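Below is one structure, written out as structure tokens, with a few remarks after it.
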Amino acid sequence: MSFTIHIEPSGHEFVAEDGEPVLAAALRQGLALPYSCRNGACGACKGKILSGSVDYGKYEDKALSPAEKAAGKALFCQAVPREDLVVEVREVAGAEGIAIKTLPVRVMRMQKLAHDVMALDLKLPKSVRLQFLAGQYIDILLRDGQRRSFSLANPPHDDEFLQLHIRHVPDGHFTDHVFSRMKARDLLRFQGPYGTFFLREESDRPIVLMAGGTGFAPVKSILEHAFAQGDDRPMHLFWGVRREPDLYLHECALSWAREHSHFRYTPVLSEVEPANAWDGATGWVHGTVVQHYPDLSGHQVYASGPPPMIEAGQAAFREHGLPEEHFHFDSFEFNH
């Protein structure tokens, strides 16, 4: 059994198979709906059901409140049609037509960037390239059927290797393997690219970027793509971490600031030890953003990092005038 889903206001239609969530069906057929975590935790894929009914699936209340559900809202990463649907959701320009592929890759280089961050350079088979947008991510497919999502840190034009920044999670099933047993020449399989966190190149708004921890990876891809494209809009990166050693590519960001007059970089530490000589910004990274930009009404904000940072930033930026349609984010839990 299958169900037809009609999107308003675009008028696009696609088909969901029995048991297939709305978002998965749309992506499978080349339609770009907004999403981020795909597990019912972040709310990025929220839309309205105008007619028809769904099984709402599993989700967190913070992502879909009872009031929103009563008003007809659903999380399309979880919602499974029970009948034909008419839905209202904003489609994302720029991602349509990019095919999601399942491909093998070989680990060519492993570089420890910090005590708990490993860069993996992955090589695709000869004559194969992955078409993706700067800021998107891939899923590593594990042998037991599990997946682990990681953002691509390299920009599309520099694609000899696909680079991932992997944070070690203690007792993590996959990250323990990366840090203790993985070696160069190992083979992996992945599926992707996924995600709607990428630069809206049609805009002329100044850009604020906020990264938390390894949320720096997709931001790095976006910025290096923007520099290569000659995008000269004002850009300001705020990178929030706990301690100074966690700024694992600090010199890279400093070099961007030296080389590009329209780019600024502000690292932010949330934990500063008394013996530390740090004289930069401290506290929560979203707080530092609004200190610098008390009026965000004319800006675009790109934020990547753990859900608490994204949620706090979204609320603060809204209070400081940022229109909802100009807040683009990638919310992720650390992969185990």
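The values are calculated or read from the model by the stated rules, or taken from the named source; none is laboratory data. The structure displayed is predicted, hence computed values, not measured ones. Cβ: placed from backbone, ideal geometry, glycine included. Neighbour counts: every protein chain shown.
Search region 167-193 for residues being surrounded by 13 or more Cβ atoms within 10 Å (Cβ to Cβ) and hydrophobic (A, V, I, L, M, F, W, C), and hand back the single one that is farthest from Leu103 (Cα to Cα).
Within region 167-193, the match that is farthest from Leu103 (Cα to Cα) is Val169.
Working only within region 72-99, note down all residues that are among the aliphatic types (A, V, I, L, M) and surrounded by 14 or more Cβ atoms within 10 Å (Cβ to Cβ).
Of everything in region 72-99, those that are among the aliphatic types (A, V, I, L, M) and surrounded by 14 or more Cβ atoms within 10 Å (Cβ to Cβ) turn out to be Ala74, Leu75, Ala79, Val80, Leu85, Val86, Val87, Val89, Val92, Ala95, Ile98.
Quick test for you: out of Ala303, Ala253, pick the one residue that is within 17 Å of Pro234 (Cα to Cα) and in a strand (DSSP E or B).
Ala303
With respect to Ile166, determine if the residue is touching a residue at least 40 places away in the same chain (Cβ under 8 Å), among the hydrophobic types (A, V, I, L, M, F, W, C), not in a loop (DSSP other than H, G, I, E, B) and not assigned by TED's automatic domain parsing to the domain that holds Leu141.
So Ile166 fails the test.
May I ask you to verify whether Ala44 is modelled with pLDDT under 90, hydrophobic (A, V, I, L, M, F, W, C), within 21 Å of Ser304 (Cβ to Cβ) and in contact with a Pro (Cβ under 8 Å, 6 or more places away or on another chain)?
yes
Would it be correct to say that Arg106 is of a type outside the set (A, V, I, L, M, F, W, C) and at pLDDT 95 or above?
Details: of a type outside the set (A, V, I, L, M, F, W, C): yes; at pLDDT 95 or above: yes.
For Arg106, the condition - of a type outside the set (A, V, I, L, M, F, W, C) and at pLDDT 95 or above - is met.
For Val289, indicate whether it is in a strand (DSSP E or B), crowded, with 20+ Cβ neighbours inside 10 Å and within 23 Å of the chain's Cα centre (by Cα).
No.
What residue, of Tyr265, Tyr248, is outside the structural domain of Leu133 (by TED's automatic domain parsing) and in a loop (DSSP other than H, G, I, E, B)?
On the way: Tyr265 fails: in a loop (DSSP other than H, G, I, E, B).
Among Tyr265, Tyr248, only Tyr248 is outside the structural domain of Leu133 (by TED's automatic domain parsing) and in a loop (DSSP other than H, G, I, E, B).
Which of the residues belonging to region 196-217 are on the phi > 0 side of the Ramachandran plot and either of a type in the set (S, T, N, Q) or not assigned by TED's automatic domain parsing to the domain that holds His326 (or both)?
Within region 196-217, none qualify.
Go through region 169-193 and give me each residue that's among the β-branched types (Val, Ile, Thr) and either part of a loop (DSSP other than H, G, I, E, B) or out of contact with any Leu (no Cβ under 8 Å at 6 or more places or on another chain) (or both).
Val169, Thr175
Is it the case that Leu223 is among the aliphatic types (A, V, I, L, M), touching a residue at least 24 places away in the same chain (Cβ under 8 Å) and either in the same structural domain as His320 (by TED's automatic domain parsing) or surrounded by fewer than 23 Cβ atoms within 10 Å (Cβ to Cβ) (or both)?
Here the answer is yes, as Leu223 does meet what is asked.
Looking only at strands (runs of 3 or more DSSP E) that fall completely inside region 77-138, which ones have 2 or more residues that are farther than 30 Å from Cys45 by Cα and not aliphatic (A, V, I, L, M)?
Output list reads 101-114, 117-123.
Just to be sure, is Glu68 among the acidic types (Asp, Glu), in contact with a strand residue (DSSP E or B) (Cβ under 9 Å, 6 or more places away or on another chain), surrounded by 13 or more Cβ atoms within 10 Å (Cβ to Cβ) and not in a loop (DSSP other than H, G, I, E, B)?
In short, yes.
If Glu259 passes every condition in (1) surrounded by fewer than 11 Cβ atoms within 10 Å (Cβ to Cβ); (2) of a type in the set (D, E, K, R); (3) modelled with pLDDT under 95 but one, which one does it miss?
Unmet for Glu259, out of (1) surrounded by fewer than 11 Cβ atoms within 10 Å (Cβ to Cβ); (2) of a type in the set (D, E, K, R); (3) modelled with pLDDT under 95: (3).
Of the conditions (1) touching a Phe, Trp or Tyr at 6+ places or on another chain (Cβ under 8 Å); (2) at pLDDT 95 or above; (3) not in a helix (DSSP H, G or I), Thr196 satisfies every one except a single condition; which number is it?
(2)
I'd like to verify a number: residues in region 3-59 that are in a strand (DSSP E or B) and either in contact (Cβ under 8 Å) with a residue 60 or more places away in the chain or outside the structural domain of Asp84 (by TED's automatic domain parsing) (or both), how many? Spell out how you get there, then give the answer.
Residues of region 3-59 that are in a strand (DSSP E or B), as a first pass: 3-8, 13-17, 46-51, 54-55.
Next cut, either in contact (Cβ under 8 Å) with a residue 60 or more places away in the chain or outside the structural domain of Asp84 (by TED's automatic domain parsing) (or both) only: 3-8, 16.
Selection size over region 3-59: 7.
List the residue pairs whose Cβ atoms are under 8 Å apart, where the first residue sits in region 249-271 and is without any contact (Cβ under 8 Å) to a residue 40 or more places away in the chain and over 13 Å from Ala211 (Cβ atoms), the second is assigned to a helix (DSSP H, G or I) and among the charged types (D, E, K, R), and the two are 6 or more positions apart or on different chains.
Leu269/Glu244
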